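Participant: Take this structure, written in structure tokens, and hold onto it; I'll ask about it next.
The values are calculated or read from the model by the stated rules, or taken from the named source; none is laboratory data. As the structure is a prediction and not an experimental result, all values here were calculated from the model. So basically every Cβ, Gly included, is an ideal-geometry build from the backbone, and we count neighbours across all protein chains shown.
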Amino acid sequence: MSSDPPPTLDLHQEVPLAALKLPKEGPEEPPGVGLLLTDYQIRKIAALNVVEGVAVKLPEPEEPGLVTYEEFCKVDLRMGEVLEAERVPKSDKLLKLQVDFGPLGKRQILAGVGKSYEPHTLVGLRLLFVVNLPPRKMMGLESHGMLLAAGEPPTVISPSHSIAVGSRVG
């Protein structure tokens, strides 16, 4: 008997179907056919121990909630000035804001800060927004961004110095 360690199968690479002991549901795949697996599938296969004759190399788990620098750079944070604000009918929480983003133009943004702020108190403020989210419908209205707020109850984020409308954060 050989005491050599079993070969290592990196499940983030293409995996030959023959290496997986999966239930036969249809015709056999031709030799050499492989597939790419998701992280969920990799962990499921490893947990079920269905890889024959090989050691399974799992990716190092990432810390929950962490994003890469590249992922963070995709978020477009901009300074916007609230031109108009009003309550959304039948909602205690939502405010409908008309916001000026300078070169990006004006946008309607719905914000869930209505329990903390009267609409008129936000008019004229320069606040921080995410502007590259897909439009989202709430209470029959469309929102084209997200107001950033922190804490409970939510507190809007406003600069201590004058920052030009439309300025990008980062």
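Participant: Is it the case, given these coordinates, that Lys44 is over 24 Å from Gly124 (Cβ atoms), modelled with pLDDT of 55 or more, not assigned by TED's automatic domain parsing to the domain that holds Leu125 and not hydroxyl-bearing (Ser, Thr, Tyr)?
Facilitator: Answer is yes for this residue.
Participant: Another one. Going by the structure shown, is Leu128 aliphatic (A, V, I, L, M), within 25 Å of Ser162 (Cα to Cα), buried (at least 17 other Cβ atoms within 10 Å of the Cβ) and in contact with a helix residue (DSSP H, G or I) (Cβ under 9 Å, 6 or more places away or on another chain)?
Facilitator: For Leu128, the condition - aliphatic (A, V, I, L, M), within 25 Å of Ser162 (Cα to Cα), buried (at least 17 other Cβ atoms within 10 Å of the Cβ) and in contact with a helix residue (DSSP H, G or I) (Cβ under 9 Å, 6 or more places away or on another chain) - is not met.
Participant: Going residue by residue through the range 95-103, is there one that turns out to be part of a strand (DSSP E or B), touching a Lys or Arg at 6+ places or on another chain (Cβ under 9 Å) and of a type in the set (Gly, Ala, Ser)?
Facilitator: No, the range 95-103 contains no residue that is part of a strand (DSSP E or B), touching a Lys or Arg at 6+ places or on another chain (Cβ under 9 Å) and of a type in the set (Gly, Ala, Ser).
Participant: Looking at Pro154 and the list (1) over 13 Å from Arg87 (Cα atoms); (2) surrounded by 15 or more Cβ atoms within 10 Å (Cβ to Cβ); (3) in contact with a strand residue (DSSP E or B) (Cβ under 6 Å, 6 or more places away or on another chain), which single condition is not satisfied?
Facilitator: (3)
Participant: Something else about it: Please state which of the following conditions Lys106 fails to meet, knowing it meets all the rest: (1) within 23 Å of the chain's Cα centre (by Cα); (2) without any contact (Cβ under 8 Å) to a residue 24 or more places away in the chain.
Facilitator: All conditions pass for Lys106, except number (1).
Participant: Among the numbered criteria (1) under 15 Å from Val99 (Cα atoms); (2) touching a Pro at 6+ places or on another chain (Cβ under 9 Å), which single criterion is violated by Ser158?
Facilitator: (2)
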